[in-house]
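A short write-up of the structure that comes next.
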Amino acid sequence: MQNPATLGELLLAKGLVNPARVEAALATQTRSGGKLGQILLAEGAIAPLPLHHAIAEHLGLPFANLVDSPADAALQKPEHLGDYIRLQAIPYKREADGTLVIAACSPDDVLAEWTATHYGAHRFAVTSPYDLYWHIDTHFADVLDEHSRLALWNLAPEQSARQVLNRSQKRESIALLALLAVALYFYPSQMLYGTALCLNLFYFFALLLKGVLFYSGLAPNRSTKHPAVDTADLPVYTVLVPLHDEAESLPRLLDALDALDYPKAKLDIKLIVERSDSRTIDALKALRPRGGYQLIHVPYSLPQTKPKACNYALHFARGEFVTIYDAEDAPDPQQLRKAVAQFRASPPDVVCLQARLNYYNRDRNLLTGLFALEYASWFDHMLPGLEALRIPIPLGGTSNHFRLANLRAAGEWDPFNVTEDADLGIRIAMRKQRTAMLDSLTLEEAPARLKVWMAQRTRWVRGYMQTWLVHMRDPLALMRNMSAQAFWGFQFFVGGPCLVFLTAPFLWLFSIAWFCGLLPTDARDLGAWLLPIALFNLSFGLVLHLGFAVYIILRNGWGSLWATLPVLPFYWLLHSWAAYRAIWQLYKNPHFWEKTPHGENTTDN
């Protein structure tokens, strides 16, 4: 028979919580809704095991300790795994009379109906959600891992970077290289000047588009204020936090997550670690995060990438919306509320919101200052410009917010793409859906050492190469799935930067050699057109990027960054170095994740 006392009274009678914590939890319940036990757990007022022991007693049901008394795995069906996670329940054991015992975190009528439909006669026992997830994570790891790696490949293999070049692309590449080699052999001067001319024309239009986009981002008050959602109506929000060798970053990270202005009982925070990363796991256990956090252990498999880890954790997501924060992030505390308000006010085709990103250590040295200027240009101007022109937005690696159902329908992240965020932004556009900018800022840690910056930038350029090669397997199909401006925007903003980084040093050297009379003269008719265009691109590009930097410094009051301006051209040259490293890695090990260390990369060398 059910215990007649309320859960709060039972907890007080057992001395598991003090009256002040219960009173505060009841006040929170009045403001934001939710169950009393979940609020107490999320606020750190009680541990999971005693709470669910008390819930079992309150409901008059037995308690199932899945660690001490494991569930019978033979009763569980892999095809029902999604339901087990959604309903927070699993078949536990079968009684002598044939009745099935279901271990559930919150037995209710929905679960009872589902169980009766699939299993027949049953009764319930109460278990802790942490025990439940531990059991699923342990017994279904292979199933979850396979889905995490191959969901997109199985759904749409033509959109997966598991194969960087398919057979058709390999044949076409060989044929094109052979044709270029023959043309270069028979018409060396014409090929040299003609190629340089075409590239310079591409540079000109790319610079022109950058100027248009930056100007579009200058429009005042572009962001619309959306009506705030009442606290009681806020949905559960899943926050994915992938961690790998991040012990030093954890105290700052947990402080930033605790600072989020969102009902704690409606936060579904997943701290995602590799099972072999004992250092991070031990550091987390020592910090003892409050009850709203769930630790997800990702089993080892290849590719060992951030998107695969996020896909793995996504199986356990309970929120209507989901976002990603990196270990070093300090998001705007209001960001989740702003995201909910904007999603509620947006049409259904807006399935993703991208917050602005920048760096809290921009004053550390010249490199961090240059990186901060680049990010301010990209996230404050270029991406809003892309949104205004309905060009697909290549997402940043953090603080992008999704409608969870749409993310799953899109095939989740591509675990084989090392810029899974940019790739997902393109796939969203191919589904006739949109990404919008969110007027909220997340601060990150910029690499302060050239070696760290180079590794990170190499991975980003390699990922853009992967993304362009994957989605250009069938250009006609891509054009059918996108508007004309979206298709050409993809060429300039995903494929274009890779081309520019790879060819810029040669074009500069070519222009200097031509100007000095060091090149053949039998194609001077082409060269006469080339020199003015090359000089214009060089000067226009320099003035344009310096203009961007000056505006950003003045607008943001970043007077300490004036010293970065003289070295800005050399900063862009570093991208060419990164691009050639990316080409080598794309050939040698395309899915290798070159990790960016955090919390320890602030020494200058």
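Where a number appears in this text, it was derived from the coordinates with a stated rule and is not lab data. These numbers were taken from a predicted model, which means no experiment stands behind them. With ideal geometry, Cβ positions are generated from the backbone for all residues, glycine too; neighbour counts draw on all protein chains shown.
Can you tell me, using C-alpha contacts under 8 Å and at least 6 residues apart, the relative contact order of the range 7-139 as a whole percent?
For the range 7-139, the relative contact order is 23 percent.
By average Cβ neighbour count within 10 Å, what is the ranking of 458-468, 192-202 from highest down?
Put in order of decreasing packing, that is 458-468, 192-202.
Tell me, what HN-Hα J-couplings in whole Hz come from the Karplus equation 6.51 cos²θ - 1.76 cosθ + 1.60 at θ = phi - 60° for each residue of the range 323-335, using x for Gly and Pro?
9, 10, 10, 8, 4, 9, 6, 10, x, 3, x, 8, 4
For the range 134-140, what does the Karplus curve 6.51 cos²θ - 1.76 cosθ + 1.60, with θ = phi - 60°, yield as ³J(HN,Hα) per residue in whole Hz, taken in order and with x for Gly and Pro?
Working through the residues one at a time gives 4, 4, 5, 4, 7, 8, 10 Hz.
VAL550 to ALA74: extension gain in nm, 0.36 nm per residue of separation minus the Cα-Cα distance?
Between VAL550 and ALA74, full extension yields 164.8 nm more.
If I model a spin label at LEU476 and LEU450 as a point 7 Å from the Cα along the Cα→Cβ vector, what separation in nanometres do I get?
Using points 7 Å along Cα→Cβ, the separation is 4.9 nm.
So what is the calculated 222 nm ellipticity per residue for the chain, using -39500 (n - 2.57) for each DSSP H run with n of 4 or more, over all residues, to the nearest 500 deg cm²/dmol?
The per-residue figure over the chain is -16500 deg cm²/dmol.
In a shell of Cβ-Cβ distance under 14 Å around ALA141, excluding ALA141 itself, what net charge do Lys and Arg (+1) and Asp and Glu (-1) give? Don't skip to the end; give the middle numbers.
Working: positive: ARG149, ARG275, LYS308; negative: ASP137, ASP142, ASP145, GLU146, GLU274.
Cβ neighbours under 14 Å give a net charge of -2.
Let's see if you can work this out: charge +1 on each Lys and Arg Cβ, -1 on each Asp and Glu Cβ, no other charges. What is the dipole magnitude of the chain about its Cα centre, in debye to the nearest 20?
The dipole of the chain has a size of about 1340 debye.
Amide H to amide H, which residues 5 or more places from THR435 or on other chains are under 5 Å from it, using H placed in the peptide plane?
ILE393
Residue by residue through the range 378-384, what is 3J(HN,Hα) from phi via Karplus (6.51 cos²θ - 1.76 cosθ + 1.60, θ = phi - 60°)? Round to whole Hz and write x for glycine and proline.
Once θ is set to phi - 60°, the couplings for the range 378-384 become 6, 7, 8, 10, 5, 5, x Hz.
Modelling each spin label as a point 7 Å along the Cα-to-Cβ direction, I'd like the ALA116/ARG86 distance in nm, to one decimal.
1.9 nm
Please list the non-local residues whose amide H lies under 5 Å from the amide H of ALA71, H modeled 1.01 Å from N, same-chain partners needing a gap of 5 or more.
Correct list: empty.
Note down the magnitude of the dipole of the range 231-457 about its Cα centre, charges +1 on Lys and Arg C-beta and -1 on Asp and Glu C-beta and zero elsewhere, to the nearest 20 debye.
440 debye
Order these peptides, 472-484, 26-38, by their mean beta-carbon neighbour count within 10 angstrom, highest first.
On the way: 472-484: 13.5, 26-38: 16.6.
Result, highest mean first: 26-38, 472-484.
Around ARG275, with a cut-off of 11 angstrom between Cβ atoms, what is the net charge of the other residues, counting Lys and Arg +1 and Asp and Glu -1?
-4
Tell me the net charge near ALA56. Cut-off is 13 Å between Cβ atoms, ALA56 excluded, with +1 for each Lys or Arg and -1 for each Asp or Glu.
0
So, by mean Cβ neighbours within 10 angstrom, what's the order for 380-386, 287-293 with the highest one leading?
380-386, 287-293
Give the long-range amide H neighbours of VAL298: residues separated by 5 or more places, or on another chain, with amide H under 5 Å away, using H modelled in the peptide plane at 1.01 Å from N.
So VAL298 has HN proximity to VAL273, GLU274, ARG275.
Which whole-number percent is the relative contact order of the chain (Cα, under 8 Å, 6+ apart)?
It rounds to 16 percent for the chain.
Using alpha carbon coordinates only, what is the Rg to Rh ratio of the chain, with Rh defined as the Kirkwood radius?
1.03
Cα centroid distance between the range 70-107 and the range 463-495, in Å?
First find each Cα centre; the distance between them is then 46 Å.
Starting from the 7 Å offset along Cα-to-Cβ, what nm value, one decimal, do you get for the label separation of ARG344 and ALA563?
Reported label-point gap for ARG344 and ALA563 is 4.7 nm.
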